[in-house]
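Visitor: Pasting a structure below so you can have a look.
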Amino acid sequence: MDLTKKQQKWIDQNRHLPVMKIAKQLNVSASDVEHYLKRPNKQAPLIFYFLMAIVPILFFGLLEFGLRVGGYSYNSDVWIEITESESGINPQIARRYFHTITDLPTTIEDVFSSSKKPRTFRVFVLGGSSAAGYPYMPLGSFSRYIRKRLEIVYPNSIIEVVNISMTAVNSYTIRDLIPDVMKKKPDLILIYAGHNEYYGAYGVGSTESIGASRAFINTMIFLNRFKTVILIRDGLNRTKRLLSKDVKMSGTLMSRMAEDQEIILNSKSYQTGLSQFTENMRDVIGVVQKKKIPIVFGTLVSNLRDQKPFVSIKTEFMPAANPVYAEANAAYKLGDFQKSDSLYRYAKDLDALRFRASEDINKIILQLGEEYHIPVARIDSVFQVKSPHGVIGKELMTDHLHPTLDGQKLIGKTFYEEMQRMNYLPDKVPTALSNPVQDSLTRMGFYFSRLDSVIADYKITFLKNDWPYIDPLKKKPLTSLFHPVTFIDSIAYDVVIGNIKWEKGQRKVAEYYMKQSDFISYKKQMDVLISQYPEIIEYYNIAAGEFIKINDYQSAFDYVKKGYKIHPGAFSTKWLGNIFLYQNDPDSAIFYLEKSIGFDNQDAQIYYNLAGAYSYKNEFEKSIAHVNRCLAINSYYPGAAELKKSLQRLVDK
């Protein structure tokens, strides 16, 4: 008889029993049991299951390897080499977090030594657009204030303040980047973040949202560094663009990031935002404290008095934001400033369009500080004290949440004083300067140009010409929005609309000043450019070359010397030698001119000047040897033949 599947299964589980016992147990004949047991075992061998598991792994492994070797898509590494000795954040790193927009946010391009040198004090700054210094990027961030003040107070230390903040990112990005930041051996971490929790990349209300599960989102962010995942994602995005007709491809980044425009105070989505911020920051703190690196958080500031709520919605349990804002205005006009401040903050929290962090975010920052014994720079309190009648408004804010340039300096000062209070400063003896003097010198040395100021004004004008400030249908065309009057206005306009890069705009303005013989403004403009790109030797050489043309050798010397310290080259060594010779210092001139030959042994001027330098020291045979070399390179070099005759007469005596 045929055995049932149930009987066959029982036999398979009890093969160790005698045949007769199995037959009796199942009430079947012994011959049927023997026949079944003698059948070939159809169970697949272990190698089959091993191959089932290993083949997909091999496939995706080989695919990943092939995509990397073939250079598919972008480099997903956090750090890249900027020069032979300098590193910086990958300008494509935002592609880990943004998948639907094309004009990716970038950092302010700070660099640091690839190999951390002795006496280096290295600080990393993380956050969103406010921390990056918008709209004064790249020079207007509070991190530049901190760097300058550290340089003034600790002149014997190498100061590196590396700001990797980006527009429209939130705690998910900070959490993802912090392990790579730790690999760069920071001495201190500063975080100013929280405004973008809802509409930043992967925020619950963002166009880049992929759900509300923090575990799932952080897993996907981790996987985004793999080329295979990028390939799959690119395919899905192409399909989505083909099928969707409602993709925001134009307008400000702010206007494109908000998907859920009604997140009610204390709603489920609102609580999700608070939860993601809290738990992501806990993860960040855990990574940093495990490495025993100091960290300082900053509380957030918003424009309270001069920014009405964007979206006002009344609910069963909450009033609408606009009436509360109107009540705050009335209290302010009556001189009840404490009441007005409370009402302004409540109106801001009731605003259903969550571009400004609620008071709950600041409470979380303070709670985390207390829980983990982390210092918190009370930036909100400092802004309140510095604002008219203690209510933060347009005096320190450019728009709804971005501080003015003075506001950025105030944030930098507040962070610095917290660093000072906690002794989170270089382990060196500081200069004997009082805090007020330090602050004054820092502000005086804060590099920022007239062009940067106009660019910032234009950026705010551009921002407020779009949703949520106005109805998108009422947007003004650029031709009527901007009216450039001066040359600098025109360059600023080109930078803002993307016709030229910031760097090129700065150089164009510098060239303009030089053509106008405004040498002081030219020098300031080049100093601004160099402060942003201190590692680019060409800028030192360009500035020095212009001052050499007008015989301003002292100004030229300053640039050449700085360039030489960073990276010696043919230009710097030659002109250091030439200028020392001009200053009647033949020993220094010979030192640098001889070094210059190592970079360029076909420059007749170097040999001519070496001949002159040796003649100062009455070493006429060496002078003749060098002037001969000069004439061998250029037989018509001006003055060389006459110099040789003069030297020969001196030798013949």
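Bear in mind these aren't lab numbers, they're just calculated from the coordinates by the rules spelled out. Small disclaimer: the values here were computed from a predicted structure and weren't measured. Glycine gets a Cβ as well: all are built from the backbone with ideal geometry, and neighbour counts include every protein chain shown.
Visitor: If the reach is capped at under 16 angstrom between alpha carbons, list the lysines near Lys565, excluding any in the same chain fewer than eight residues apart.
Guide: Lys117, Lys574, Lys595
Visitor: Separation between the Ile470 and Thr102 pseudo-spin-labels, each 7 Å from Cα along Cα→Cβ, expressed in nm?
Guide: Reported label-point gap for Ile470 and Thr102 is 2.4 nm.
Visitor: Also, I was wondering about something else. Give me the angle, in degrees from 0 to 90, between the Cα long axis of helix 142-153 and the longest principal axis of the Cα atoms of the chain, rounded to the nearest 10.
Guide: For helix 142-153, the angle is close to 50 degrees.
Visitor: I'd like to compare 399-408, 9-18: which one has the highest average count of other Cβ atoms within 10 Å, and what's the full order after that?
Guide: 399-408, 9-18
Visitor: Using only Cα atoms, find the angle between the long axis of helix 268-290 and the longest principal axis of the chain, and express it within 0 to 90 degrees, rounded to the nearest 10.
Guide: On a 0 to 90 degree scale, this one is about 60.
Visitor: Karplus couplings for region 628-638 from phi (6.51 cos²θ - 1.76 cosθ + 1.60, θ = phi - 60°), rounded to Hz, Gly and Pro as x?
Guide: Per-residue couplings from phi come out as 5, 5, 4, 5, 5, 7, 9, 5, 10, 4, x Hz.
Visitor: A further question on this structure: Students often get this wrong, so check it: of Lys428/Lys524; Lys333/Lys386; Lys561/Lys622; Lys148/Lys394; Lys183/Lys562; Lys409/Lys459, which have C-alpha atoms separated by over 22 Å?
Guide: Cα-Cα > 22 Å for Lys428/Lys524; Lys561/Lys622; Lys148/Lys394; Lys183/Lys562; rest within.
Visitor: Please give the peptides 69-78, 495-504 ranked by average Cβ packing (other Cβ atoms within 10 Å per residue), highest first, as a rough proxy for protection.
Guide: Highest-to-lowest ranking by the protection proxy: 495-504, 69-78.
Visitor: Another question about this same structure. Using a 10 Å cut-off on Cβ atoms, rank the peptides 593-604, 366-377 from the highest mean neighbour count down.
Guide: Sorting 593-604, 366-377 by mean packing, highest first, produces 593-604, 366-377.
Visitor: On to the next question. Within region 317-367, which chymotrypsin sites (Phe, Trp or Tyr not before Pro) sit in a loop by DSSP and count at most 15 neighbouring Cβ atoms inside 10 Å?
Guide: Numbers: sites: Phe317, Tyr325, Tyr332, Phe337, Tyr344, Tyr346, Phe355; in loops: Phe317, Phe355.
Here the sparse-neighbourhood loop sites are Phe317.
Visitor: Next question. Add -39500 (n - 2.57) for each DSSP H run of 4 or more in the chain, then divide by its residues: what number comes out at 222 nm, to the nearest 500 deg cm²/dmol?
Guide: -17000 deg cm²/dmol
Visitor: Could I ask something else about it? What angle, in degrees between 0 and 90 and rounded to the nearest 10, separates the Cα long axis of helix 487-496 from the longest principal axis of the Cα atoms of the chain?
Guide: 20 degrees
Visitor: In nanometres, what is the gap between the two model label sites at Lys6 and Ile158, each 7 Å from Cα along Cα-to-Cβ?
Guide: Modelled inter-label distance: 7.9 nm.
Visitor: Here's a follow-up. For Met397, list long-range residues whose amide hydrogen, built 1.01 Å from N in the peptide plane, is under 5 Å from its own amide hydrogen.
Guide: Those qualifying (amide H under 5 Å, at least 5 residues apart or on another chain) are Thr404.
Visitor: Whole Å is fine, so just give me how far the alpha carbon centre of region 79-150 lies from that of region 419-458.
Guide: 18 Å
Visitor: If I model a spin label as a point 7 Å beyond the Cα along the Cα-Cβ vector, how far apart are those points for His567 and Val385 in nm?
Guide: Rounded to a tenth, the inter-label distance reads 4.4 nm.
Visitor: Among (i) -0.77, -1.33; (ii) -0.78, -1.18; (iii) -0.87, -1.30, only one was calculated for this model; which label is it, if the read-out is log10 I(q)/I(0) by the Debye sum over Cα atoms at q = 0.09, 0.12 Å⁻¹?
Guide: (iii)
Visitor: DSSP beta bridges in the chain, what fraction antiparallel, as a percent rounded to 5?
Guide: Working: 8 of 24 bridges.
Beta bridges within the chain, antiparallel portion: roughly 35 percent.
Visitor: Could you give the size of the charge dipole of the chain about its Cα centre, using +1 on the Cβ of each K and R and -1 on the Cβ of each D and E, expressed in debye and rounded to the nearest 20?
Guide: So the dipole magnitude of the chain works out to roughly 1540 debye.
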